[in-house]
Structures are given as structure tokens and as C-alpha cells.
Amino acid sequence: LKTNDFILLNQNYLKDEYTNITDKVSGYIGRNIYLQSSNPLNLVRQRIVNYFYKKYVNRRGNPIFSIHDNLPPIVNVTQNFDSLLIPKDHPSRNKSDCYYINKKFLLRAHMTAHQSELIQSGLNNFLIIGDVYRRDEIDRTHYPVFHQVDAVRLRSKTQIFSDDNLHIFEEGTNTAFTGNQEKQACHTLEAVKVVEFELKDTLVGLAKALFKENTKYRWVDTTFPFTQPSWELEVFHNEQWIEVLGCGIMQQAILNNAGVHDKIGWAFGLGLERIAMCLYQIPDIRLFWSCDSGFLNQFKNKNVNDDIVYTPISQYPQCKNDLSFWLPPGEFSANDFYDLARTIGGDLIEQIELIDEFKHPKTGKVSHCYRITYRHMEKTLTQEEVGVIHKSIADGVKELGATIR
Ligand code: PHE
């Protein structure tokens, strides 16, 4: 084993200038908390699966959606981006946003990464469920690992129209982006409307099954590189609109590239944490990773449809410490600091805010000041304990070449 090699999921990888995955983050691979019986993410996952099993059955009454919830999270750049028509210069590909293993491989940033390969294998109706990884800010709703459910449903002409004179495609196979929210150039408006209706009906039904029957909701136009038209579904919860999912009519080029030339499809993707936090009133995303029985027992042996309200074990006090430093030479993004702090401070860190940014008028050097909020989920932290961690973080940035102010 050379020093430039490392092993992940029994596979050898070569480090390069893209490598930015941390040991802390690779430690989450394989924990599969969304499959553990007492984890609230598992309850939400099961409710979504049950909804699809019940809504879509064949003539014999058997579910037609297949479930893929054990695909390994290491994917290549083709799966995560290229197969979904994500442009080469799209910001979601940036090193500052993803955990790259090297130039070619990364931890999937969305479950949509598996869409194309599953279509290629001949599936028409499927759910893809698993852990996804993104470099992001640190607060009560963001964590470097979270969980998504994606779905795809493909429909042929005879499945959506009984009249032989109606068609899915017009003008041959023109799959050019039209820049038009209404539809892709290759689709007939009537096919798009039928599929759009089924997609929206399915997702409103899902939102009602998860939240309440009379939940207020709204559709917001949006864009994704892999769907057109595209929408977000928002539900009104606790006096505010929250975004629960993204969806749309699949780009026909994705189907064509996967060898499917006679069908039109819809797809959506949703995040499990946000929904579970709303449903069970879970105040902090770190709790999903807690092994503490005070947390897990509240979700143990429950019926998936039970109304559960999480009662905080107790709120331990926060401890805030600031850290200012001149940025190290070369590339440095706030996400680099967040990863470093997370690697050292782990789940004791509740939030990190960039509270001040200063550029020296003469030297042009830039300094950042971060406010780190420490709070243990299960006990009170002393300033002494916090001081030790805070100092290690300061030492860590020094090693990157930063100067503490
Ligand atoms: N992959 C998108 C996301 O992570 C969600 C999505 C999936 C949107 C499929 C449209 C279709 O936000």
C-alpha cells in the first residue's frame, strides 16, 4: 500500500488534487441509520414505501415499485453528474460542495446519481433510498450526511393514452433544451400534462399521508438540469412554508442515453431529515446519529403511523467561543473550516457562524472570524472541556498555514 492509496469499502483509491474526504466523514459510510428499527428516519422511510406499495399495484394487486435501499454511496462523476446532464461548470460539482475521493469518484451528493443505471437495467418504477453527502454549513438543520428518497416512473404511449391518435413525441427526437418551463421540445403538450397530473397527484397524496389530510401545500416552479418542467412542493407547517421535495418531467436525453426511446418519465427527490424533524418535532439534526437510549427509546417498537412527539431529554447549556485567523495561502473556503472543525469537535459542535470577514487594506490578506457554538446532546460541557477542543481546532487551522489573530 503506497501512501497515496487508501481503502474505502474494500476498494483501493488513489489520492489526487481532488481528494477532500475526511476520516470523520468516511466513518459514516455503512452506518445505515435509516435502516435501523428505532431510528425515526426509518419510520419515515417505511411510510413512504408503504404509500407507494399501496398506490401503485398491478392487476394481481402486487406492488410495482421496486425498492433500492442498499446501493453503496461511492459513485463516479458520470453517475452523480454527467448521466444527469449536469453541465461541466455547474457549481454543484465544486470541490467546496462535495466529498471527492479523487477526480473520478465521490460520495454521492444525491440519490438521483443511480437513476440512469437503474433505468438502463430495465426498471420502469422504482424508489432509491440512502445516505448522501454534501459539504455545507453547520447548524441544527445541516449535517455532512443526510438521507434521500428518489423515485422514477416511466410511461409508454399506450399506458397514458387509450386514443391511438394521441402521441408522446412530436418533431421526431428533438431533445434540445428549449428554455421553456412548460415542456421539452420533443414532448407533446398532452403527454406532459397527463404525466404532470399523475406526478402532482402522487406527491400531494404523499404529503397528505405524511403530514395531515388537510395540509396546505403549494407548487413552486424551479429548475433542475435533469427535469423539465420542474417543481418544488412546499407544505405549510408550524406557520411557515417548508420545501419538502423537488420533482419534474425527466429530460428525454437521460432516457435516450439509457436506451429507452419510447417512454416519458417523472422523477422526484426528497430529504428524510427535514420531514422527520417536522413530524416528530426533533430540534437538531445531530440527534438522528445519537446512540443514546433517551433518544432512540422514544421511537422504539412504534407503529410506523403512530403520532410521536419527541420530548427533549433535557437541553444542556450552550458554550460559545470565537476563533479569528488570517486565511492560509491558496484556496480556502468556509466549508474547509467546517470540515476541520467537525473532524476535531464532532457532534459537540451545534453551529458555526462566519461572523466577520476582513480584508487588510494594505496587505490584501483576508481574515475570518467564526463563532462556534458547542453543546453536548447528553450532558453539560464545562468551559475547560470546550477549551481543549477549541484549542485543537485552532492548532488544526495553524497546520493549514493560517495565523491565529
Ligand atoms: N436530486 C435533487 C436534489 O437533491 C432532487 C430531485 C430528484 C429533483 C429528481 C428532481 C428530480 O435536490
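Observations, loosely collected:
- Test: residue in the stretch 68-78 that is farther than 28 Å from Phe299 by Cβ and free of Cβ contacts under 8 Å to residues at least 12 places away in the same chain: yes
- Taking the stretch 308-352 as the range and being without any contact (Cβ under 8 Å) to a residue 60 or more places away in the chain and not in a loop (DSSP other than H, G, I, E, B) as the test, the residues that pass are Lys320, Asp322, Ile344, Gly345, Leu348.
- Among all residues of the stretch 347-362, there is at least one that is surrounded by fewer than 12 Cβ atoms within 10 Å (Cβ to Cβ) and either under 20 Å from Glu137 (Cβ atoms) or in contact with a helix residue (DSSP H, G or I) (Cβ under 7 Å, 6 or more places away or on another chain) (or both).
- Residues satisfying the stated conditions in the stretch 34-54, i.e. surrounded by fewer than 22 Cβ atoms within 10 Å (Cβ to Cβ) and not in a helix (DSSP H, G or I): Gln36, Ser37, Ser38
- Sole exception among (1) crowded, with 22+ Cβ neighbours inside 10 Å; (2) away from the ligand (no atom under 16 Å from the Cβ) for Gln298, by number: (1)
- Pick from the stretch 363-372, criterion hydroxyl-bearing (Ser, Thr, Tyr) and modelled with pLDDT of 95 or more, ranking: surrounded by the most Cβ atoms within 10 Å (Cβ to Cβ): Tyr370
- Of the candidates Thr222, Thr227, the single residue that is polar (S, T, N, Q), within 9 Å of the ligand (Cβ to nearest atom) and surrounded by fewer than 21 Cβ atoms within 10 Å (Cβ to Cβ) is Thr222.
- Per-region count, the stretch 204-216, residues surrounded by fewer than 17 Cβ atoms within 10 Å (Cβ to Cβ) and in contact (Cβ under 8 Å) with a residue 12 or more places away in the chain: 4
- Ser83 fulfils the conditions (1) among the polar types (S, T, N, Q); (2) more than 26 Å from Ser333 (Cα to Cα); (3) in a helix (DSSP H, G or I); (4) away from the ligand (no atom under 14 Å from the Cβ) except for a single criterion, (4).
- All conditions but one from (1) within 13 Å of the ligand (Cβ to nearest atom); (2) of a type outside the set (Asp, Glu); (3) within 25 Å of His261 (Cα to Cα) apply to Ser121; the one that does not is (1).
- Inclusion of Gly205 among residues that are modelled with pLDDT of 95 or more and within 14 Å of the ligand (Cβ to nearest atom) is not warranted.
- Check on His114, touching a residue at least 40 places away in the same chain (Cβ under 8 Å), crowded, with 19+ Cβ neighbours inside 10 Å and either within 15 Å of the ligand (Cβ to nearest atom) or of a type in the set (Lys, Arg) (or both): yes
- Of the candidates Ile160, Ile168, Ile249, the single residue that is in contact with a strand residue (DSSP E or B) (Cβ under 8 Å, 6 or more places away or on another chain) and within 16 Å of the ligand (Cβ to nearest atom) is Ile249.
- Yes/no for Ile29 being at pLDDT 95 or above and either under 19 Å from Gly271 (Cα atoms) or in contact with a helix residue (DSSP H, G or I) (Cβ under 6 Å, 6 or more places away or on another chain) (or both): yes
- Flag if Arg342 is in contact with a strand residue (DSSP E or B) (Cβ under 6 Å, 6 or more places away or on another chain) and either at pLDDT below 95 or of a type outside the set (Val, Ile, Thr) (or both): no
- Taken together, the residues in the stretch 91-112 that are outside any loop (DSSP other than H, G, I, E, B) and either more than 16 Å from the chain's Cα centre (by Cα) or of a type in the set (Gly, Ala, Ser) (or both) amount to 2.
- Tally of residues being touching a helix residue (DSSP H, G or I) at 6+ places or on another chain (Cβ under 7 Å) and over 16 Å from Gly205 (Cβ atoms) across the stretch 228-248: 2
- Close pairs from the stretch 118-130: first touching a residue at least 12 places away in the same chain (Cβ under 8 Å) and farther than 12 Å from Leu71 by Cα, partner not aliphatic (A, V, I, L, M) and not in a strand (DSSP E or B), Cβ under 7 Å, at least 6 apart: Gln120/Gly259; Asn125/Tyr56; Asn125/Phe65; Phe126/Phe65
The values are calculated or read from the model by the stated rules, or taken from the named source; none is laboratory data. Here the structure is a predicted model, which is why all the values come from computation and not from measurement. Cβ: placed from backbone, ideal geometry, glycine included. Neighbour counts: every protein chain shown.
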